[in-house]
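Reviewing the structure listed below.
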Amino acid sequence: MVQKSASVCLLGGFLGLFLMAPVLMTSTPASMCTPLKTLNDSLSHRRRYMKHNFPINYSIRVYREEIFKLSNISRMRLKVEELDDLVLQRLWFQVNQGVLKKIIRVMSERHPSRSYTAELERRFKDVEGVFVQSHPAEVFQQELPEAVQETWDHLTEEPDRVQESNWRLVSPKSLVDNLCHTMYCLFSECFDTETRQNYCGVSHLRRGKKTSSRNTDTEPAE
């Protein structure tokens, strides 16, 4: 009788793990998909508001670490063995909250793209709010891998303490492109295959390099 009871418990345990597996393997909580898709709707208009409404070759000053591209994600995954996507997602939020603030800061109240960028920032904050609520508080207290922590420290450094060599001039359009493409990579479960175009894949990285060699202001499919 005891043996039978133990067997039933063991079987129940295996079934429980089997049912939980999809949850454990999913790096993006389902609750985040709606706000991410809403953000993506706004990002689909970025060419008009981030390029056409600015002077040709217009650029703003950002930290080197705020130029957060697919290649940065690839390098970090190579540097840190079994790097958790959750860590990269935290970094994505930290990078892009600063990027959006800097883009808004250079616009006058009457700039034709100001209301669009403010809406983009609001939607970004909505996603961040759901992200924080979807994970236990302990997750955000965990120590970051050294390579990621170094980037994080630079992002939170006071501007007057940043070395001149760590500043870069980048167009607002390129910064928002980076936000969009890395979003497809890090939150891929929320987007269909056609939308995300396998942005984390090697083939996309290679295609991006070829395009950028021909044109410094690339415009991947939106």
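The values are calculated or read from the model by the stated rules, or taken from the named source; none is laboratory data. Source: prediction; values computed, not measured. Reconstructed Cβ throughout: ideal geometry from the backbone, glycine too, with neighbour counts over all protein chains shown.
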Subset of the range 51-90 (residues that are aromatic (F, W, Y) and in a loop (DSSP other than H, G, I, E, B)): F54, Y58, F68
Residues located in the range 144-162, provided they are more than 28 Å from P35 (Cβ to Cβ) and in a loop (DSSP other than H, G, I, E, B): E157, E158, V162
Residues of the range 79-94 that turn out to be modelled with pLDDT under 95 and farther than 13 Å from C185 by Cα, as a count: 6
For E119: the one exception among (1) buried (at least 18 other Cβ atoms within 10 Å of the Cβ); (2) more than 19 Å from V170 (Cα to Cα): (1)
Residue selected from the range 163-192 under the condition among the aliphatic types (A, V, I, L, M) and in a helix (DSSP H, G or I), by the criterion surrounded by the fewest Cβ atoms within 10 Å (Cβ to Cβ): L179
M107, sole failed condition from (1) touching a residue at least 12 places away in the same chain (Cβ under 8 Å); (2) out of contact with any Leu (no Cβ under 9 Å at 6 or more places or on another chain); (3) buried (at least 17 other Cβ atoms within 10 Å of the Cβ): (1)
Condition broken by P220, with the remaining ones in (1) at pLDDT 90 or above; (2) part of a loop (DSSP other than H, G, I, E, B) satisfied: (1)
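Here is a yes/no grid of residues against (1) of a type in the set (F, W, Y); (2) more than 23 Å from L43 (Cβ to Cβ); (3) at pLDDT below 90; (4) within 18 Å of the chain's Cα centre (by Cα):
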| residue | (1), (2), (3), (4) |
| --- | --- |
| S113 | no, no, no, no |
| L120 | no, no, no, yes |
| K125 | no, no, no, yes |
| H135 | no, yes, no, yes |
| Q149 | no, yes, no, yes |
| L169 | no, no, no, no |
| C185 | no, no, no, yes |
Among the candidates V130, V162, V170, V148, residue that is farther than 26 Å from R75 by Cβ and either polar (S, T, N, Q) or touching a residue at least 40 places away in the same chain (Cβ under 8 Å) (or both): V130
R61 being modelled with pLDDT of 95 or more, out of contact with any Ser or Thr (no Cβ under 7 Å at 6 or more places or on another chain), surrounded by fewer than 16 Cβ atoms within 10 Å (Cβ to Cβ) and more than 17 Å from E121 (Cβ to Cβ): yes
